Amino acid sequence: MSQKLIGIDLGGTTIKFGILTLEGEVQEKWAIETNTLEDGKHIVPDIVASLKHRLALYGLSKDDFVGIGMGSPGAVDRDHNTVTGAFNLNWKDRQEVGSIIEKELGIPFAIDNDANVAALGERWVGAGDNNPDVVFVTLGTGVGGGIIADGNLIHGVAGAGGEIGHMIVEPENGFACTCGSYGCLETVASATGVVKVARLLAESYEGDSAIKAAIDNGEVVTSKDIFMAAEASDSFADSVVEKVSFYLGLATANISNILNPDSVVIGGGVSAAGEFLRSRIEKYFLTFAFPQVKTSTKIKIAELGNDAGIIGAASLANQLASK
Ligand SMILES: [Zn+2]
């Protein structure tokens, strides 16, 4: 029997697991709740217990696996296979992660941050078509990113490489970012960023719009409401999507002018707007991209959805085979 891979997508509310073939096909998947109580001390033991339970259930042993890969939020220390802090897991300082999982399961382990791991997943069997040069941008509560250049994830000297969300796209009058800077892509293209752009544009918009009226009335308006209204021809909402697309087109063109990837893959919750959003980003991308980049780099929407994490984590495990 050919060997398999285990992919783990560790998140603040659920931990997703997958058993995959070496070709990236998901054979089994399951999930457990993330217990973040007591400084998240139950998380690693829960992972170990769930893996042992499932392996026994499927009649599999350590020899059936090449490795275990994991994507984690927070600050990841790849050299020590661990996480040095993750706000949404209640992990305040350095944890024992890889060492415990390897000891308990007897299977080699590798870890990287969740955005990098999702990038690996999309690159491997998703929109990236297994090309060695793929940039992944995830639009969710924040804006994350992962860069694969010449087949390698870019980490940088301090692990902060590929932080596309903090590319400055509005240097003059930008909104404050959680990183301490102003005008980062995340402040205008994350779920909350889209709403901030809407609030700003609402101040000077004079036409009829249900979305503008809702904002002016202090009602809760989400990025999803704005995209849905834009698709239904609300001209104010449309102007918001246009502005957000401008920022994303500018950012993806700037990244591509440096890296000339095969594709820039847009994922995450906001990307559910699909082709409606993609075609607009592409319009601005084509405005700002360098001639050779324009004709060779493609703007795509992610294909793997929620499975990108476990598939990318399995891809990380697959690399252990070549080490
Ligand atoms: Zn920032």
Query raised in the report: What are the GluC sites (Glu not before Pro) within the stretch 180-259 that DSSP puts in a loop, where the Cβ has at most 11 other Cβ atoms within 10 Å?
Result: GLU203, GLU206, GLU219
Report task. Could you tally the net charge around ILE32, taking each other residue with its Cβ under 9 Å from the Cβ of ILE32, Lys/Arg +1 and Asp/Glu -1? Result -> -1
Report summary line: quick note, the stretch 130-302, DSSP beta bridge pairs, % antiparallel (nearest 5) is 55 percent
Report summary line: Listed by chain and number, the residues whose amide H is under 5 Å from that of TYR58, excluding neighbours fewer than 5 places away on the same chain and using placed H, are none
Requested in this report: With θ set to phi - 60°, apply the Karplus curve 6.51 cos²θ - 1.76 cosθ + 1.60 along the stretch 48-56 and write out the HN-Hα couplings as whole Hz, x wherever there is a Gly or Pro.
Outcome: 4, 5, 5, 5, 4, 4, 5, 4, 5
Report summary line: the stretch 49-113: relative contact order from alpha carbon pairs under 8 Å, six or more residues apart, as a whole percent, is 36 percent
Report summary line: Phi-derived 3J(HN,Hα) across the stretch 176-192 with the Karplus relation (6.51, -1.76, 1.60, θ = phi - 60°), rounded Hz, x for Gly and Pro, is 5, 9, 4, 7, x, 8, 10, x, 5, 3, 4, 6, 10, 10, 7, 4, 6
**Report entry** Whichever lysines have a C-alpha closer than 17 Å to that of LYS196, once near sequence neighbours (fewer than 8 apart) are set aside
**Finding:** LYS212, LYS224, LYS243
Query raised in the report: Any idea what the relative contact order of the stretch 130-302 is, in percent, if you count C-alpha pairs under 8 Å spaced at least 6 apart?
Result: 22 percent
Query raised in the report: How much length is gained on full extension from ALA321 to ASN130, taking 0.36 nm per residue of separation minus their Cα-Cα distance?
Result: 67.0 nm
Query raised in the report: Over the Cα atoms of the stretch 202-323, Rg to Rh with Kirkwood Rh, two decimal places?
Result: 1.09
Report task. List the residues whose amide H sits under 5 Å from the amide H of LYS298, counting only those 5 or more places along or on another chain, with H placed 1.01 Å from N in the peptide plane. Result -> SER263, VAL264
Requested in this report: Taking amide H positions as placed in the peptide plane 1.01 Å from N, state which residues far from LEU304 in sequence (5 or more) or on other chains have amide H under 5 Å from it.
Outcome: ALA127
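Relative contact order of the stretch 99-143: what whole-number percent is it, with Cα pairs under 8 angstrom and at least 6 residues apart?
23 percent
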Report summary line: Looking only at lysines whose Cα falls under 17 Å of LYS294's and that sit 8 or more positions away or on another chain, we get LYS283
Query raised in the report: How many percent of DSSP beta bridges within the chain run antiparallel, rounded to 5?
Result: 60 percent
Query - 0 to 90° range, to nearest 10: angle between helix 114-125 axis and the chain longest Cα axis - result: 80 degrees
Query raised in the report: Under the Karplus relation 6.51 cos²θ - 1.76 cosθ + 1.60, θ = phi - 60°, what is the ordered set of whole-Hz ³J(HN,Hα) values for the stretch 98-107, x standing for Gly and Pro?
Result: x, 4, 6, 5, 4, 5, 6, 9, x, 10
Query raised in the report: If we count every other residue with Cβ under 9 angstrom of CYS179's Cβ, Lys/Arg +1 and Asp/Glu -1, where does the sum land?
Result: -2
Report task. Compute the distance in nm between two label points, each set 7 Å from the Cα along the Cα-to-Cβ direction, one at THR84 and one at LEU37. Result -> 3.1 nm
Query raised in the report: When you count, for each residue, the other Cβ atoms within 10 Å and take the mean per peptide, how do 189-200, 156-167, 136-147 rank with the highest first?
Result: 136-147, 189-200, 156-167
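Quick note: the coordinates plus some simple rules give every number you see, no bench work behind them. These figures come from a predicted structure and were not determined experimentally. Neighbour counts run over all protein chains shown; Cβ positions are idealised from the backbone, glycine included.
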